[in-house]
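Encoded as structure tokens, the structure appears first; notes follow it.
The values are calculated or read from the model by the stated rules, or taken from the named source; none is laboratory data. Quick caveat, the model's predicted, so the values are computed rather than measured. Every residue, glycine among them, receives a Cβ derived from its backbone with ideal geometry; neighbour counts consider all protein chains shown. SASA here: full protein model, heavy atoms, side chains in, ligands and nucleic acids out. Shrake-Rupley method; radii C 1.70, N 1.55, O 1.52, S 1.80 Å.
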Amino acid sequence: MLGRLDRAGRLISADPELEALQREAGSTLGQPLALPQIAAVAQLARKLRTPVSRPALAASTDHDVELWVQATPEGDEIALSLEGWSIRTPSGPRLATMLGGGSDAETGGARNEWAADEELRLISLSPDLAELLGVNPDEAAGQPLTRVLRLEDDEAGEMPLISALAARRGFSGQRARSRADEARSLVLSGEVVTAADGGFAGFRGSVQSDGTVPAAAAPTRAAAFDHALDEVLRSPLDHIIESAERIVERADGPLRSDYASYGNDIAAAARHLLSVLASMNEEPAQAPHSIDLAALSAEAVVMLDSSAEERAVRIEIERSDALPAKGEERAVTQILVNLIGNAIRYSPENGRIAVSFARIGPTASVSVHDDGPGVAAADRQRIFERFERAHPNEGGTGLGLAISRRLARSMGGDVTLDSAPGEGARFTLSLPAA
């Protein structure tokens with residue numbers, strides 16, 4: 001089923017089924033699209049200037065229609081493709097719309113609604129929720145959910161939303177605070193949205209005020225989630241290491257030398273991932289020993305050489321004598337890999353990354369400076385929070401900087417950022433000098 005919207009959001013052409021829904025909603029061809037969820041997908045595609053596919057629900061006079069909407073920008077117009085048309089009879093009050101903006105008759109009077117895709121990017125906020133959070137709903141569309149809400153751990157140190165995202169299931173009881181008003185405590189709940197092919201497509205849900213949790217008492221522990229992630233990933237990584245070592249040893253028969261070398265690289269990478277897991281739920285030794293920041297930085301650069309080559313990024317490391325510092329070798333290596341890896345990810349093709357060293361008074365430091373897009377002032381603190389990224393479209397888990405800062409501070413140091421949009425970013429790891 002096809003349709004087309006002009007630059008003003010008017011439905012200028014439509015297959016019979018879509019035109020019938022438009023008429024039942026009280027509008028006609030040539031008038032603004034009167035189906036809020038489909039219109040919201042089109043609006044998001046226009047804003048992002050890229051094709052957007054989302055599930056939607058359209059309300060007819062005596063039934064609901066579930067369908068899958070793809071909106072594709074074509075010049076000033078939006079081409080609509082609607083698939084998976086499924087008719088169902090509403091049971092009780094109509095299902096609250098996923099994308100907001102409908103009338104009370106269509107939404108059943110539901111309030112404070114939100115919807116996000118599989119990467120937790122906001123599809124929409126209902127007008128009342130946007131007002132509650134102090135944001136413009138049109139500007140919020142396409143942004144990470146965590147750009148408007150700061151998620152908090154519960155008493156068990158878990159985040160129900162993050163656990164639900166991993167398990168592809170609904171959730172309730174996710175505590176959060178509005179970034180525009182940190183004193184406002186909220187509770188999120190959500191249900192899974194299924195794509196036309198049966199896959200996971202995101203969440204839709206509601207938000208309630210929670211006056212029972214004062215801001216100062218909000219729990220911050222994350223050990224339970226870290227331990228669960230460790231349990232899920234450790235066994236597969238152990239198996240990968242075992243299999244890779246069999247390749248290296250040619251235990252299953254003759255093998256070309258270059259293939260055996262690949263096995264060694266795989267085993268080394270898997271062991272590094274195990275150290276990442278360990279760094280997520282273990283603190284460094286209570287008595288840090290003397291390390292060489294310059295030597296560990298050089299090792300981290302070697303580990304990431306292939307990633308830099310793939311993006312044609314040049315890493316220049318300052319020549320330096322030994323730079324003694326107090327720390328834990330594995331933790332420092334993990335921090336450096338995170339910082340240099342991020343610099344590679346955000347550097348443009350043929351970009352340059354500079355690694356430099358300094359000792360000022362009782363502090364030894366290493367800085368990683370890229371010529372990528374930089375970080376806006378409003379985001380410089382946010383990106384050090386768990387599951388946050390400076391540029392969501394670039395991928396990543398949003399854990400690297402949070403882990404890096406936690407490890408650095410546990411060794412008596414810190415990870416800091418100096419950046420401006422368009423001028424690259426300079427991340428600095430500082431530790432007590434030895």
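Laid out as a table, the results:
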{"read-out": "Matching residues in the stretch 9-35 - criterion: being in a helix (DSSP H, G or I) and either more than 16 Å from ALA79 (Cα to Cα) or touching a strand residue (DSSP E or B) at 6+ places or on another chain (Cβ under 9 Å) (or both)", "value": "GLU17, LEU18, GLU19, ALA20, LEU21, GLN22, ARG23, GLU24"}
{"read-out": "Condition check for THR72: under 19 Å from LEU11 (Cβ atoms), out of contact with any Leu (no Cβ under 6 Å at 6 or more places or on another chain), at pLDDT 65 or above and among the hydroxyl-bearing types (Ser, Thr, Tyr)", "value": "yes"}
{"read-out": "Among (1) open to solvent by less than 20 Å² (accessible area, probe 1.4 Å); (2) touching a Phe, Trp or Tyr at 6+ places or on another chain (Cβ under 7 Å) - the single one SER320 does not satisfy", "value": "(1)"}
{"read-out": "Residues (out of contact with any Pro (no Cβ under 9 Å at 6 or more places or on another chain), without any contact (Cβ under 8 Å) to a residue 60 or more places away in the chain and not small (Gly, Ala, Ser)) located in the stretch 330-367", "value": "THR333, ILE340, ILE344, ARG345, GLU349, ASN350, ARG352, ILE353, VAL355, ILE360"}
{"read-out": "Residue match in the stretch 295-315 (condition: open to solvent by 10 Å² or more (accessible area, probe 1.4 Å), part of a strand (DSSP E or B) and more than 21 Å from ALA408 (Cα to Cα))", "value": "yes"}
{"read-out": "Count - residues of the stretch 139-163 that are outside any loop (DSSP other than H, G, I, E, B) and closer than 18 Å to TRP114 by Cα", "value": "12"}
{"read-out": "Residue pairs meeting the criteria (Cβ under 8 Å; at least 6 apart or on separate chains; first closer than 21 Å to GLU329 by Cβ and of a type in the set (Ser, Thr, Tyr), in the stretch 396-413; second open to solvent by 20 Å² or more (accessible area, probe 1.4 Å) and at pLDDT below 85)", "value": "SER410/GLU283"}
{"read-out": "Qualifying residue in the stretch 46-67 (condition: modelled with pLDDT under 80, closer than 28 Å to ARG382 by Cβ and surrounded by fewer than 20 Cβ atoms within 10 Å (Cβ to Cβ))", "value": "yes"}
{"read-out": "Selection within the stretch 323-358 - buried (at least 21 other Cβ atoms within 10 Å of the Cβ) and of a type in the set (Ser, Thr, Tyr)", "value": "TYR346, SER347"}
{"read-out": "Residues being within 14 Å of PHE203 (Cα to Cα), touching a strand residue (DSSP E or B) at 6+ places or on another chain (Cβ under 9 Å) and open to solvent by 60 Å² or more (accessible area, probe 1.4 Å) - total across the stretch 138-188", "value": "3"}
{"read-out": "Matching entry among GLY157, GLY190 (being of a type outside the set (Lys, Arg) and modelled with pLDDT of 85 or more)", "value": "GLY190"}
{"read-out": "Residue in the stretch 371-385 that is buried (at least 19 other Cβ atoms within 10 Å of the Cβ), at pLDDT below 80 and among the aliphatic types (A, V, I, L, M) present", "value": "yes"}
